[in-house]
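Step one of this worksheet: look at the structure below.
The values are calculated or read from the model by the stated rules, or taken from the named source; none is laboratory data. Quick caveat: nothing in here was measured; it's all calculated off a predicted structure. Glycine also receives a Cβ, built like all others from the backbone with ideal geometry; neighbour counts cover every protein chain displayed. Surface accessibility is based on the protein's heavy atoms, side chains included, excluding ligands, DNA and RNA. Shrake-Rupley method; radii C 1.70, N 1.55, O 1.52, S 1.80 Å.
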Amino acid sequence: MKEKLYSIKARASFKGKHLSGAERIVRESEIETVLEEIYKKVRRKNPDSINIKVENIEEKPLIVDKTLRLKNFSFSNHIEANEKAVEILHIETGISKNILWKLIEEVHTGAAPDKENMRGAMIVNQKGERIELDRYRGIRTTTVDFLDRKKVLKKLLKNGYTERTLDALALTTKNLIYPDMIAEYCISDEPDYTVGYVSTKNFYYRFSPLKEKGNTKGGRIYFVKNSIDIQKFYNFLQKKPVLIRDVNI
Ligand code: COA
Ligand code: AMP
C-alpha cells in the first residue's frame, strides 16, 4: 500500500455522557467522503458535542486475512443463552462457572465501581481476577478496520447481518489475534439491542438474545492468560493499526 493511511475517529456525547463512536482507517483520497459518512453516523442520537479526529498512521498496519468465523445461536431467553456462553468460556479459559457467572452479572448490572457502564472492557485473567488498570475506564480496542469496508459490509448484509456486526467483528478479530487473549464476552449498553457475542480464537458466536430487553447496562470482558504483560496488551489494542481483508462466513 503506497498511499498514506489515516485514522478517523469520531465520538458523540450529550452533557458529557458518551453516546456513540466510530472509526475508520482510510487512504488520503477517501478522507472527505468518510468524514461525511462518519459524521452522519455519530450525529444520529442528537448529541450536543461531536469530536472528530484525523491522524496520519505512521506505523505499518498488520494485515489480517479473515475475521473470526461467524456462528449463530438463538435462544428463547437471555438466561439460556448465557448458560451456553458460560459453557464455552469455561472450556476456553478454565475459569469456574461460578466465577464466570459473577463476572457476567457485573456486566449486566454495571461493571464500574459506581455500578455504571465502564468506558471500555474489563480484563480478566485465568484465575478469574479483574486486572484492568482502571475499573471505570477498562481498555478500549481501536485502530482497526477493513481494507475494503464496503465489500465486506455488502457480504454481511447479504447474509442477514448488520453494520453493527461488521464493527464488532473487526474489533474482536483484532483482540483475538493477540497471543495472550483467550476469549471475549460482549453485550451492548443499548437497551433495545439484545444480541451479544462470545469470541474465541476461531469463532465469533453471535447470541440472540444475550441480554434482557430494556437493560441499559452492557460491557465487554477480555479473558487473558495469567502471564500477560498488561502494558504491552494496552499498547497493542489501542495503537497497533490492523486492517482486515475479508469476513469468514
Ligand atoms: N465509551 C465511553 N466513553 C468513551 C468511549 C466509549 N466507547 N470512547 C471514548 N470515550 C470518552 C472517554 O471519556 C475518553 O476518555 P478516557 O480515555 O479517559 O476513557 C474520551 O472519550 C476520549 O477517548 P479517546 O480514546 O481519546 O477517543 P478517540 O476519539 O480516540 O476514540 C472511539 C473514540 C469511540 C472511536 C474509540 O474509543 C472506539 O471505541 N472505537 C471503536 C472501535 C471499532 O468499533 N472499530 C471497528 C471499525 S470497523
Ligand atoms: P457497544 O458495543 O458500543 O454497545 O459497547 C458495549 C460496551 O463495550 C460499552 O459499554 C463499553 O463498556 C465497552 N466498549 C465500548 N467501546 C469499546 C472499545 N472500543 N473497546 C473495548 N470496549 C468497548
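Assorted remarks:
- Residues that are within 21 Å of Glu184 (Cβ to Cβ) and free of Cβ contacts under 8 Å to residues at least 24 places away in the same chain number at least 1 in the following strands (runs of 3 or more DSSP E) confined to the range 1-107: 17-27.
- The residues listed here are Leu171, Leu133, Leu147, Leu156; of these, the one that is modelled with pLDDT of 95 or more, open to solvent by less than 10 Å² (accessible area, probe 1.4 Å) and assigned by TED's automatic domain parsing to the domain that holds Arg220 is Leu156.
- Here Val124, Val107 are screened, and the one residue that is closer than 15 Å to Phe233 by Cβ, within 15 Å of ligand 2 (Cβ to nearest atom) and open to solvent by less than 30 Å² (accessible area, probe 1.4 Å) is Val124.
- Leu169 vs. criteria closer than 19 Å to Lys232 by Cβ, within 16 Å of ligand 2 (Cβ to nearest atom) and either in a loop (DSSP other than H, G, I, E, B) or in contact (Cβ under 8 Å) with a residue 24 or more places away in the chain (or both): no
- Which listed residue is in the same structural domain as Tyr197 (by TED's automatic domain parsing), surrounded by fewer than 15 Cβ atoms within 10 Å (Cβ to Cβ) and at pLDDT 95 or above, from Ile91, Ile52: Ile91
- Residue match in the range 138-150 (condition: within 14 Å of ligand 1 (Cβ to nearest atom) and in a helix (DSSP H, G or I)): yes
- Test: residue in the range 173-183 that is more than 23 Å from Leu103 (Cβ to Cβ), in a helix (DSSP H, G or I), of a type outside the set (A, V, I, L, M) and out of contact with any Cys (no Cβ under 8 Å at 6 or more places or on another chain): no
- For the range 124-137, filtering for residues that are near ligand 1 (Cβ under 9 Å from one of its atoms) and not charged (D, E, K, R) leaves 1.
- Within the range 129-174, tally of residues that are of a type in the set (Val, Ile, Thr) and more than 22 Å from Tyr185 (Cα to Cα): 1
- Whichever residue in the range 188-204 is assigned to a strand (DSSP E or B) and open to solvent by less than 30 Å² (accessible area, probe 1.4 Å) and, among such residues, is nearest to Arg69 (Cα to Cα): Tyr204
- Residue that is nearest to ligand 2 (Cβ to nearest atom), among those in the range 14-38 that are more than 18 Å from Thr142 (Cα to Cα) and under 21 Å from the mean Cα position of the chain (by Cα): Lys17
- In the set Val144, Val152, only one residue is within 16 Å of ligand 2 (Cβ to nearest atom), in contact (Cβ under 8 Å) with a residue 12 or more places away in the chain and among the hydrophobic types (A, V, I, L, M, F, W, C); that residue is Val144.
- Filter pass, Phe207 being of a type in the set (A, V, I, L, M, F, W, C) and either surrounded by fewer than 19 Cβ atoms within 10 Å (Cβ to Cβ) or not in a helix (DSSP H, G or I) (or both): yes
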